[in-house]
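The values are calculated or read from the model by the stated rules, or taken from the named source; none is laboratory data. What you see is a predicted model, and the numbers here were worked out from it, not measured in a lab. We place every Cβ from the backbone using ideal geometry, glycine too, and count neighbours over all the protein chains shown.
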Amino acid sequence: MPIIVVEVMPKAELLDPQGKAVAGALARLGKSQYSGVRVGKRFELTVDGPVDETVLAEVRGIAEDLLANTVIEDVVSVHALETETVVAGETH
């Protein structure tokens, strides 16, 4: 079955405390080449049936209305995983 992936990130102009914490941890581990980290959310919606532009448009609406807090977050991506399968957090 097709999967639609929705990615949500904090608005660029807002402080990202989780990202700041991860960036600090990287620096403590000696990984100083990473100057910034932003932490977002990923949603995977399994679709019964084919994914067309109508379905993607509906999911964009769902993302704006339900999945993202649009006061502090932006929906940055809505796309279908066509031939890939997701197994325990890994894409194959």
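Looking at the range 40-68, which of its residues are among the small types (Gly, Ala, Ser) and at pLDDT 95 or above? Listed by number, the residues that qualify are 40, 57, 61, 63, 68. One residue stands out in the range 39-70 among those that are among the hydrophobic types (A, V, I, L, M, F, W, C) and within 18 Å of residue 12 (Cβ to Cβ): the one that is surrounded by the fewest Cβ atoms within 10 Å (Cβ to Cβ), namely 39. Yes or no: residue 26 part of a helix (DSSP H, G or I) and either touching a strand residue (DSSP E or B) at 6+ places or on another chain (Cβ under 7 Å) or within 27 Å of residue 2 (Cβ to Cβ) (or both)? In short, no. Just one of the listed residues (71, 75, 37) is modelled with pLDDT of 95 or more, over 14 Å from residue 2 (Cβ atoms), part of a strand (DSSP E or B) and not polar (S, T, N, Q), and it is 75. Filtering the range 40-59 to residues that are without any contact (Cβ under 8 Å) to a residue 12 or more places away in the chain, within 12 Å of residue 80 (Cα to Cα) and in a helix (DSSP H, G or I) leaves 53, 57.
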